[in-house]
Amino acid sequence: MPKVSQQYIVPHTRAQMYCLVNQVDQYPQFIPWCQQTNVLYQDDNVMVASLTFDFQGITQSFTTRNTLKAPSQIVIELVKGPFKDLAGTWQFESVMAGEKEHCRVSLNMDYTFGNGLIAMAFEPAFAKLSSLLIQSFKAQAAKIYDWSADGRSG
């Protein structure tokens, strides 16, 4: 089963980073190949959302149920899509750097495509997207929270 396991520290609070990751409707603005999102249901504890990605003419959509534990965690579970399995966790942990709060963001995700043909076509794109995902969130956080990528205020 392919895995995504990435971690980074940003000069933003965990509440800011949690909010950014949880704003699924904004993904098409900054995540590569994300064409469309649709929040199907949301309350304080759960979000069900559909995401559509298009990579070099290969379009796939999937729906997840995200358990929200603000501001520390988002747990991702597959509802439907081209995956046999998809499960993951975003973790947001406060880290002090001097007197300033920073955030350690961790993404751990396991996935398996359900169909061999879809896996052959889309798995390389999904692997590339997964590696770009963290960079996309870091860049968007720097943009909206007015920090440069090296942590100095902009």
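The values are calculated or read from the model by the stated rules, or taken from the named source; none is laboratory data. Note that the structure is a prediction, hence the values are computed from the model and not measured. Positions of Cβ are backbone-derived with ideal geometry, glycine not excepted, and every protein chain shown enters the neighbour counts. SASA here: full protein model, heavy atoms, side chains in, ligands and nucleic acids out. Shrake-Rupley method; radii C 1.70, N 1.55, O 1.52, S 1.80 Å.
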Problem - Filter result for Thr64 (surrounded by 18 or more Cβ atoms within 10 Å (Cβ to Cβ), of a type in the set (Ser, Thr, Tyr) and farther than 22 Å from Arg14 by Cα) - result: yes
Practice task
Consider Gln16 carefully, then state whether it is in a strand (DSSP E or B) and either open to solvent by 30 Å² or more (accessible area, probe 1.4 Å) or at pLDDT below 90 (or both).
Solution key: no
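Condition check ((1) over 17 Å from Gly114 (Cα atoms); (2) assigned to a strand (DSSP E or B); (3) among the polar types (S, T, N, Q)) across all residues:
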position	(1), (2), (3)
Thr64	no, yes, yes
Thr67	yes, yes, yes
Leu78	no, yes, no
Leu86	no, yes, no
Phe92	yes, yes, no
Met96	yes, yes, no
His102	yes, yes, no
Handout entry: Lone unmet requirement of (1) without any contact (Cβ under 8 Å) to a residue 40 or more places away in the chain; (2) surrounded by 15 or more Cβ atoms within 10 Å (Cβ to Cβ) for Glu93
Key = (1)
Practice task
Sort through Asp54, Asp85 and tell me the only one that's surrounded by fewer than 16 Cβ atoms within 10 Å (Cβ to Cβ), acidic (Asp, Glu) and touching a residue at least 40 places away in the same chain (Cβ under 8 Å).
Solution key: Asp85
Practice task
Assess whether Gln36 counts as being open to solvent by 60 Å² or more (accessible area, probe 1.4 Å), within 20 Å of Phe55 (Cα to Cα) and not in a loop (DSSP other than H, G, I, E, B).
Solution key: yes
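Out of Gln23, Gln16, Gln42, Gln36, I need the residue that is of a type outside the set (Phe, Trp, Tyr) and more than 15 Å from Ala70 (Cα to Cα). Which one? I'd like the intermediate steps shown before the answer.
Working: Gln23 fails: more than 15 Å from Ala70 (Cα to Cα); Gln16 fails: more than 15 Å from Ala70 (Cα to Cα); Gln42 fails: more than 15 Å from Ala70 (Cα to Cα).
The unique qualifying residue is Gln36.
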Practice task
Could you tell me whether any residue of the stretch 44-51 is over 25 Å from Phe113 (Cβ atoms) and of a type outside the set (A, V, I, L, M)?
Solution key: yes
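Residue-wise test of (1) open to solvent by less than 10 Å² (accessible area, probe 1.4 Å); (2) outside any helix (DSSP H, G or I); (3) at pLDDT 90 or above.
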site: Ser106; (1), (2), (3): no, yes, yes
site: Met109; (1), (2), (3): no, yes, yes
site: Leu117; (1), (2), (3): no, no, no
site: Ala121; (1), (2), (3): no, no, no
site: Ser131; (1), (2), (3): no, no, no
site: Ala141; (1), (2), (3): yes, no, yes
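Residue by residue through the stretch 1-13, note down the ones that are open to solvent by less than 70 Å² (accessible area, probe 1.4 Å), of a type outside the set (A, V, I, L, M) and under 20 Å from Leu86 (Cα atoms). Even if it seems obvious, please write down each step before you answer.
To start, the set of residues in the stretch 1-13 that are open to solvent by less than 70 Å² (accessible area, probe 1.4 Å) comprises 2, 4, 6, 8, 10-13.
Those left that are additionally of a type outside the set (A, V, I, L, M): 2, 6, 8, 11-13.
Correct list: Pro2, Gln6.
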Practice task
For the stretch 20-58, enumerate the residues that are closer than 16 Å to Ala141 by Cβ and among the β-branched types (Val, Ile, Thr).
Solution key: Val21, Val24, Ile31
